[in-house]
Amino acid sequence: MTASLRLVDVSKTFVLHNQDGAVLRVLDRLSLEVEGGECVALVGPSGAGKSTVLRIACGNYAPDWGRVLVAAGGRATDIACAPPRAVLALRRQAIGHVSQFLRVIPRVPAIEVVAEAARLAGSSPDDAHARAGEMLDILRIPRRLWSLSPTTFSGGEQQRVNIARTMVVPFPILLLDEPTASLDAENRAVVVDLIRDACRRGAAVLGIFHDADVRAAVATREVACATLSRAA
Amino acid sequence: MTEAPLLRVRGLSHAYGSRIACSAVDVEVWPGEVLAIVGESGSGKSTLLNCISGRMRPGAGEVLYRAKDGREVDLWQASDAQRRLLARTELGMVHQNPRDGLRLGVSAGGNVGERLMAVGARNYGAIRATAAEWLARVEIDVGRIDDLPRTFSGGMQQRLQIARVLVSRPRLVFLDEPTGGLDVSVQARLLDLLRSLSRDLGLASIIVTHDLAVARLLAHRICVMRGGEVVEDGLTDRVLDDPRHPYTQLLVSSVLPP
Ligand SMILES: Nc1ncnc2c1ncn2[C@@H]1O[C@H](COP(=O)(O)OP(=O)(O)OP(=O)(O)O)[C@@H](O)[C@H]1O
Ligand SMILES: Nc1ncnc2c1ncn2[C@@H]1O[C@H](COP(=O)(O)OP(=O)(O)O)[C@@H](O)[C@H]1O
Ligand SMILES: [Mg+2]
Ligand SMILES: [Mg+2]
């Protein structure tokens, strides 16, 4: 079975109990499918729910309704109702998520942040370290920064560490939230190459790409995320 | 993925007189899993932990622990002797105040060695060597092995307590506000230590904390308590980023973003 991601009738509403019970309807019966080898771009205005879709796909947000079927490594899991330890196992081995902002543990050096992801996916410590170094080189993070914590890095450097940490593992499913947002042209080109390589090896990629050139370069098709958000 | 839960708590309730501290709590811990119990002061976290860890008999409920031999034991149906044996060998408790978990009149090395002797170690040289190894592991200068814990700083005492608990290689460890009385930089170091130890040893643990940042850093799963009840539980980042219950939303929105 090749990798794929399928959302079926996914709805998501946020109820803000401590703000007068405000209700934000963000997704209403959204269905989409990403096959291995495809890169699907989510498009829609700010606040439409694009990041919400990616967060639901990795189990970070729970949908109110619908199924989120993750197929990888010969088995399919509905991440919307999988137990926490199954979600964590999928994140170690099957689903890579590049979030809009880097969240790391303070004081851990950049190289370790990247190596840990490889280790969690099953690499030996030496191998993980070597692959982390290669990935940081590919993403052009200067070696003098490798032993420093990314918390003080520039926006673009943080974003590249974020990408390195995901791309160091050949995840069958990739969720990319504006991976090139704060990158210059040269670094953007590097990331575009990484995404295309991932598709070529059969990964199912779902991403948000604000930059039209990047989107044109990587996306095989687009899915619209209509704006529903309104106070009910 | 591993077979069966290490611990299953079913319908655990406890009251102090007419004051209900825990009400029908269900909790599970799987091998290698770190579970955080969060909630405001007085929500029943310590009561729950004390009942689960075999230190206080609950008013009602089952605490089913899967022992090393594969059998499930209800800690509160077992004999006192069996419960004490498990507490000494397979379970471990890290107290908020290191003074409750250390013997202050015994040297640092003795504090660690004592736990080994309690599980049957007899060779003095080997015990001392293992104690020294664990002091190093929790970043205490081995030169301090013969010093009394009362000459240690709060952070060192807490690390010593952790060494004392982990030296006998328990399978499930309970921690009650382990970073509670420490200042921020000392807390950070202790958290790093706890994180790497629990990862490297594949330890299962239940950690009680009111600090959501601690829970985010250490725990795979979170259980939110209020007024003695579990109001929400799930994957740590799901509970913190997409909280459902009004009380969880209040907790999450009350802290400054990290
Ligand atoms: N955890 C949350 N709690 C409450 N509301 C949320 C939460 N996450 C997202 N939202 C709301 O859901 C809506 C969709 O947000 P989302 O981040 O998915 O948008 P987006 O399409 O990615 O926008 P952008 O292009 O600006 O990144 C917004 O109104 C947002 O405020
Ligand atoms: N030994 C005790 N005797 C009487 N009441 C107690 C005792 N221990 C705790 N309580 C009460 O039980 C409730 C829960 O306490 P506790 O479990 O210590 O909460 P937490 O650890 O979440 O702060 C509180 O109302 C507390 O005052
Ligand atoms: Mg977004
Ligand atoms: Mg307490």
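Looking only at residues that are free of Cβ contacts under 8 Å to residues at least 60 places away in the same chain and away from every other protein chain (no Cβ under 14 Å) in the stretch B:15-37, which one is surrounded by the most Cβ atoms within 10 Å (Cβ to Cβ)?
B:A15
With respect to B:G105, is the statement that it is of a type in the set (G, A, S), at pLDDT below 95 and part of a loop (DSSP other than H, G, I, E, B) true?
yes
Please go through the stretch B:164-208 and pick out each residue that is under 20 Å from B:E40 (Cβ atoms) and hydroxyl-bearing (S, T, Y).
Result: B:T179, single match.
Output the residues belonging to the stretch B:38-60 that are in contact with a Ser or Thr (Cβ under 7 Å, 6 or more places away or on another chain) and surrounded by 21 or more Cβ atoms within 10 Å (Cβ to Cβ). Full working, then the answer.
From the stretch B:38-60, those in contact with a Ser or Thr (Cβ under 7 Å, 6 or more places away or on another chain) are B:38, B:58-60; that's our starting set.
Matches in the stretch B:38-60: B:V38, B:P58.
Any residue at all in the stretch A:4-11 that's within 16 Å of ligand 3 (Cβ to nearest atom), assigned by TED's automatic domain parsing to the domain that holds A:A212 and within 18 Å of the chain's Cα centre (by Cα)?
For the stretch A:4-11, residues within 16 Å of ligand 3 (Cβ to nearest atom), assigned by TED's automatic domain parsing to the domain that holds A:A212 and within 18 Å of the chain's Cα centre (by Cα): absent.
Residue by residue through the stretch B:50-66, note down the ones that are of a type in the set (G, A, S) and closer than 20 Å to B:I207 by Cα.
Let us first name the residues in the stretch B:50-66 that are of a type in the set (G, A, S), namely B:53-54, B:59-61.
Those that are of a type in the set (G, A, S) and closer than 20 Å to B:I207 by Cα: B:S53, B:G54.
Any residue in the stretch A:94-108 that is away from ligand 4 (no atom under 16 Å from the Cβ), modelled with pLDDT under 95 and within 24 Å of A:T220 (Cα to Cα)?
Among the residues of the stretch A:94-108, at least one is away from ligand 4 (no atom under 16 Å from the Cβ), modelled with pLDDT under 95 and within 24 Å of A:T220 (Cα to Cα), which makes the answer yes.
Being surrounded by fewer than 20 Cβ atoms within 10 Å (Cβ to Cβ) and either of a type in the set (A, V, I, L, M, F, W, C) or away from ligand 1 (no atom under 16 Å from the Cβ) (or both) is true for just one of B:D176, B:D183. Which residue is that? It would help to see each step written out before you state the result.
Working: B:D176 fails: surrounded by fewer than 20 Cβ atoms within 10 Å (Cβ to Cβ).
None of the other options fit; the residue is B:D183.
Is it the case that A:V205 is more than 14 Å from every other protein chain (Cβ to nearest Cβ), β-branched (V, I, T), part of a strand (DSSP E or B) and away from ligand 3 (no atom under 16 Å from the Cβ)?
It is true that A:V205 is more than 14 Å from every other protein chain (Cβ to nearest Cβ), β-branched (V, I, T), part of a strand (DSSP E or B) and away from ligand 3 (no atom under 16 Å from the Cβ).
Kindly state which strands (runs of 3 or more DSSP E) lie completely within the stretch B:1-84 and contain at least 1 residues that are within 16 Å of ligand 4 (Cβ to nearest atom).
Working: elements: B:7-16, B:19-29, B:34-39, B:60-66, B:72-74.
Fully inside the stretch B:1-84 and qualifying: B:7-16, B:19-29, B:34-39.
Listed here are the residues, each with its yes/no results for (1) touching a residue at least 60 places away in the same chain (Cβ under 8 Å); (2) under 21 Å from B:S23 (Cβ atoms); (3) away from ligand 3 (no atom under 16 Å from the Cβ).
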| position | (1), (2), (3) |
| --- | --- |
| B:P178 | yes, no, yes |
| B:R199 | no, no, yes |
| B:A213 | no, no, yes |
| B:T248 | no, yes, yes |
| B:V255 | no, no, yes |
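Got a sec? Which of B:R19, B:R55, B:R83, B:R88 is basic (K, R) and touching a helix residue (DSSP H, G or I) at 6+ places or on another chain (Cβ under 7 Å)?
On the way: B:R19 fails: touching a helix residue (DSSP H, G or I) at 6+ places or on another chain (Cβ under 7 Å); B:R55 fails: touching a helix residue (DSSP H, G or I) at 6+ places or on another chain (Cβ under 7 Å); B:R83 fails: touching a helix residue (DSSP H, G or I) at 6+ places or on another chain (Cβ under 7 Å).
One residue alone meets the criteria, B:R88.
Take B:R137 and decide whether it is of a type in the set (K, R) and free of Cβ contacts under 8 Å to residues at least 24 places away in the same chain. Before you say what the answer is, go through the steps one by one.
Values: of a type in the set (K, R): yes; free of Cβ contacts under 8 Å to residues at least 24 places away in the same chain: no.
So B:R137 does not fit the description; no.
May I ask you to list pairs of residues, at least six apart or on different chains, whose Cβ atoms are under 8 Å apart, with the first in the stretch A:150-178 being in the same structural domain as A:S46 (by TED's automatic domain parsing) and the second being assigned to a loop (DSSP other than H, G, I, E, B) and within 16 Å of ligand 1 (Cβ to nearest atom)?
A:L175/A:C58; A:L176/A:F209; A:D177/A:S99; A:D177/A:Q100; A:E178/A:Q100; A:E178/A:F209; A:E178/A:H210
Tally time: how many residues in the stretch A:18-50 are more than 21 Å from A:S4 (Cβ to Cβ) and under 16 Å from the mean Cα position of the chain (by Cα)?
1
Inside the stretch A:44-157, counting only helices (runs of 4 or more DSSP H) that do not spill past its ends, which hold 2 or more residues that are within 12 Å of another protein chain (Cβ to nearest Cβ) and surrounded by 15 or more Cβ atoms within 10 Å (Cβ to Cβ)?
A:50-57, A:84-93, A:110-120
Please pick out the residue among B:V94, B:V34 that is more than 16 Å from ligand 1 (Cβ to nearest atom), over 28 Å from B:G17 (Cβ atoms), of a type outside the set (F, W, Y) and in contact with a Phe, Trp or Tyr (Cβ under 8 Å, 6 or more places away or on another chain).
Checking each option against the conditions leaves just B:V94.
With respect to A:N162, is the statement that it is within 19 Å of A:A132 (Cα to Cα), in a helix (DSSP H, G or I) and within 16 Å of ligand 3 (Cβ to nearest atom) true?
yes
Are any of the residues in the stretch A:179-196 more than 16 Å from ligand 1 (Cβ to nearest atom), in contact (Cβ under 8 Å) with a residue 40 or more places away in the chain and in a loop (DSSP other than H, G, I, E, B)?
Within the stretch A:179-196, not a single residue is more than 16 Å from ligand 1 (Cβ to nearest atom), in contact (Cβ under 8 Å) with a residue 40 or more places away in the chain and in a loop (DSSP other than H, G, I, E, B).
The values are calculated or read from the model by the stated rules, or taken from the named source; none is laboratory data. No experiment lies behind these values; they were computed from the predicted model shown. Cβ: placed from backbone, ideal geometry, glycine included. Neighbour counts: every protein chain shown.
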